[in-house]
Structures are given as C-alpha cells and as structure tokens.
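The values are calculated or read from the model by the stated rules, or taken from the named source; none is laboratory data. Not measured: the values here are computed from a predicted model. A quick note on method: Cβ atoms are made from the backbone with ideal geometry, for glycine too, and the neighbour counts reach across all protein chains shown.
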Amino acid sequence: MEKRTENFLKKTKIIFSDQITLPALLHKNEHRIYIIDENITMIHQDLISKITANEPTYILRATETNKNVKELMNLIGFLDQKLITRNHMVIAIGGGITTDLTGFAASIYKRGCGLILVPTSFLAMIDAAVGGKTGVNFKGIKNTLGTFYPADETYIVLDFLKSLPLEEIRNGWSECLKVAFISNSPLLNILETNKDKKLTREIIELAIEIKTDICTSDPFDMEIRRHLNLGHTFAHLLETALKNELSHGEAVAVGIRLAADFSSDLGYLDSDACNRIKHLLEFYDLSSRVNENSKTTLLDNAVDILNKDKKRTESGKLNLVLFRNIQQVFVKAIEIDVVLKILKKYL
C-alpha cells in the first residue's frame, strides 16, 4: 500500500471466520505492527506468539481508566520508536478499548496508517470495531477525543467468544438489543424468540449489518447515525459519575430503560411497547439498578458531566434518542434540568 488514497467514506471489509486462523490471514501484509490487549496475550498465548513472532508488538493494558491521552502518547511513541511508516498495517487485537485507542493512534500518526481490527469480545465485534469511530477519554469524560477512521479490514473470529466470561457476553447483548430496537430488521424477532439466549453467527452478522448500513449512510454522525446513541447519553453519565462501577453494557441497558420510560411519559411510546422493551432487557439479564449511594453521587455530578457531553447542543440542551415505537426512534433536544428529573424519577 504505497499511498493511502482511500477516503473516509470507505466501507470496511468484514471478514468472518469460525475458527482462529489469524496467522495465515494477517501475515499477508508485509509491513505490520501489533497492538494487543494483555488479557488476550495470556488467554491465547500460543496463538499470539505465532502471530507476533519477530514483529513489533505493543501490549496494551486495556482498562477504561487507561483509555486516555497518556496511553495514546505511549502508543504513538512506540510507533515512532519502531520507525512505522504509512505503508505499515497497524493491527489491533482486543476488545473495544483496544480497537478505539489503536484506531485513534493509526488515524493521526503520520496522517494515517493502514488499520486492521480483530475484536475479541461480543460487544467489540458488533459495536466498537464497526463504523469507524475511534476515541479516548479526556478528564474522565467518555470518548471526548477521537476521529472517524474506518479500518481497512475487520476480522470477526467467532472462536474468541468461547473464552469470554458471562459478564462480557451480557455486555454484548446490550448493544445487540440496541441496534435491534432502532432498525426494522429481523434481528429483534430472533432475539425475542431466542429462548436459550444462544449467541449465533446469524445474530452477530445481523447486528453488524444494521450498524454498517447506518454508518455508511451517515459516516460523520449528522443524522440517522445518531440513533445509535440510544441509551448512551445516560450510559456515559453513569460510567463517568460512578467511575465505571457499571460496565458499558450494563450502563447502556440502564440508559435504554430510562429512554423507554421517558418516551412513555411524554406519550410517544405506549405502555405495552415500553414493557416489551424492558422485558427483553430483563430476559438478557440487563436489569441493573443503581443503589441509593451511587444515585446520590450521580445526581451530584450530573450537570457538570452532561454539560461536557458530545451530544450537548449550542443552546445547552441534550440530544436524546427516544422511542416512538419498538424499532422506531428519533432524536429530541431536551433541557438538562428535564434530564435530571428523569434520572430522579426512574433511576
């Protein structure tokens, strides 16, 4: 790849594999560097040693508190130390923190290197590694800094799911339900009739298809892509105020429930549809509640955090995604004091 002539509207090539055959797939790129979640290096030690043999490799401590500018600069310093050029392919292997941070570094180093993402969690496969958003947290606020930079290729390797703990599968269900709620897709019916809560390739393919279609039609988050923020204004508030007491998936589930209750309050969503949404969240074990001490902490810090939210408008309102029906959502600008009332009433 002598020159990167692709524009920012390119569509990432999604490559599915049921089994972990990454060495053969990834070694086709002559110039490469690996950024790998340290948890993956321990769980899949033999695989990672085969992939990274004699290749420059950065082991990332992939935690939410480490997803910051300091770690971004450490990563860029490593790229510089290894004399990485624009002809190199930067390959990220890990969950959403790894793909977000690596994507950001690849997008700004020498104005853009090649990028391959290998998401290893359910949530990252259907969300973080799809759509081209990159980001790091700044002063504790989620993804304040970032770019739009679609990967050249994303490998969906289903075997990685076998080593995930139940909590990580549950996190993925949250984002999976979110995309099912916002799009007229058969995914919702599949999730409602999935009595054993079995995670299948079809479910992952449909979830990726929904997000890819939305992001391709609105790559810079100006119109319909905003629907992907369903539950996320509340979720980012919860994660920031409570210092990640809830996982991202749990926080998004709480946010979706709040959006459903508020939509019902405003008369947009009938009670049957509201209950159907909340029932599905509960079915997939996504009925997390915030205890009273945490609720107090959240409300005490809410105004400051919400004022720094990316979805805040010039007039000081927040763009919330609300329900008109299941699989029919819209964006409405809401005053911050009204958002606080929602939190006090429904949290």
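Tally time: how many residues in the stretch 152-177 are farther than 19 Å from GLU245 by Cα and part of a helix (DSSP H, G or I)? Break it down stepwise before answering.
In the first step, residues of the stretch 152-177 are kept if they are farther than 19 Å from GLU245 by Cα; the result is 152-164, 176-177.
Right, trim to part of a helix (DSSP H, G or I) and you get 158-163, 176-177.
Matching residues across the stretch 152-177 total 8.
Note on the stretch 33-52: residues that are out of contact with any Pro (no Cβ under 8 Å at 6 or more places or on another chain), modelled with pLDDT of 90 or more and either closer than 23 Å to ALA105 by Cβ or surrounded by 18 or more Cβ atoms within 10 Å (Cβ to Cβ) (or both) total 9.
Within the stretch 130-165, the residues that satisfy the criterion of being farther than 24 Å from GLN19 by Cα and of a type in the set (A, V, I, L, M) are VAL136, ILE141, LEU145.
The residues of the stretch 81-97 that are touching a helix residue (DSSP H, G or I) at 6+ places or on another chain (Cβ under 8 Å) and either at pLDDT 95 or above or in a strand (DSSP E or B) (or both), listed by number, are VAL90, ILE91, ALA92, ILE93, GLY94, GLY95, GLY96, ILE97.
The C-beta contact set for the stretch 75-102 (first residue surrounded by fewer than 21 Cβ atoms within 10 Å (Cβ to Cβ), second residue of a type in the set (A, V, I, L, M) and in a loop (DSSP other than H, G, I, E, B), distance under 9 angstrom, 6+ apart or interchain) comprises PHE78/ILE84; ARG86/MET1; ASN87/MET1. Of all residues in the stretch 173-226, those that are within 16 Å of the chain's Cα centre (by Cα) and at positive phi total 1.
Of the residues making up the stretch 124-174, those that are under 20 Å from GLU209 (Cα atoms) and small (Gly, Ala, Ser) are ALA124, ALA128, ALA129, GLY131, GLY132, ALA151, GLY172, SER174.
Among the residues of the stretch 305-320, is any farther than 30 Å from ALA62 by Cα, small (Gly, Ala, Ser) and out of contact with any helix residue (DSSP H, G or I) (no Cβ under 6 Å at 6 or more places or on another chain)? Yes - at least one qualifying residue is present in the stretch 305-320.
Restricting the stretch 95-124 to residues that are charged (D, E, K, R) and at positive phi, the residue that is farthest from the chain's Cα centre (by Cα) is LYS110.
Each row is one residue, and each column tells you yes or no for (1) without any contact (Cβ under 8 Å) to a residue 40 or more places away in the chain; (2) surrounded by fewer than 22 Cβ atoms within 10 Å (Cβ to Cβ); (3) out of contact with any Ser or Thr (no Cβ under 7 Å at 6 or more places or on another chain); (4) assigned to a loop (DSSP other than H, G, I, E, B).
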residue: LEU123; (1), (2), (3), (4): no, no, yes, no
residue: VAL130; (1), (2), (3), (4): no, no, no, yes
residue: ASN143; (1), (2), (3), (4): no, yes, yes, no
residue: PRO150; (1), (2), (3), (4): no, no, no, yes
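Kindly provide the set of residues from the stretch 312-347 that are among the charged types (D, E, K, R), crowded, with 16+ Cβ neighbours inside 10 Å and over 25 Å from SER183 (Cα atoms), ordered by number. LYS317, the sole residue that qualifies. Where helices (runs of 4 or more DSSP H) fall wholly inside the stretch 212-311, the ranges with 3 or more residues that are touching a residue at least 40 places away in the same chain (Cβ under 8 Å) and surrounded by fewer than 18 Cβ atoms within 10 Å (Cβ to Cβ) are 292-307.
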